[in-house]
Amino acid sequence: FVAADVQRSGSIGGKEAVEFLSKSKLPVELLKNIWTVSDQNPKSNSLDRRKFFIAVRLIQLFQNGHKAQNATLAAPEGA
């Protein structure tokens, strides 16, 4: 999170998120969906530390060919 929060504000906005999350090499449309899922409760158009970790976990799962199975973002067994 520290590497993405270049302004040291405690949250990252869209520009910072694009710069950091695009390093994943996932399609932009998928990253937009991940942003939407991560920016919940409450929606703030930014990612705090908790929301950022959710986004990174979703990226990790997709990079490994998996999808989150439940609210805990657990990978399928054996993954």
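The values are calculated or read from the model by the stated rules, or taken from the named source; none is laboratory data. What you see is a predicted model, and the numbers here were worked out from it, not measured in a lab. The area values use the complete protein model at the heavy-atom level, side chains included, leaving out ligands, DNA and RNA. Shrake-Rupley method; radii C 1.70, N 1.55, O 1.52, S 1.80 Å.
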(1) open to solvent by 80 Å² or more (accessible area, probe 1.4 Å); (2) modelled with pLDDT of 90 or more; (3) not charged (D, E, K, R) all hold for Ser46 apart from (1)
Please tell me if Leu21 is modelled with pLDDT of 90 or more, open to solvent by less than 60 Å² (accessible area, probe 1.4 Å) and of a type in the set (A, V, I, L, M). yes
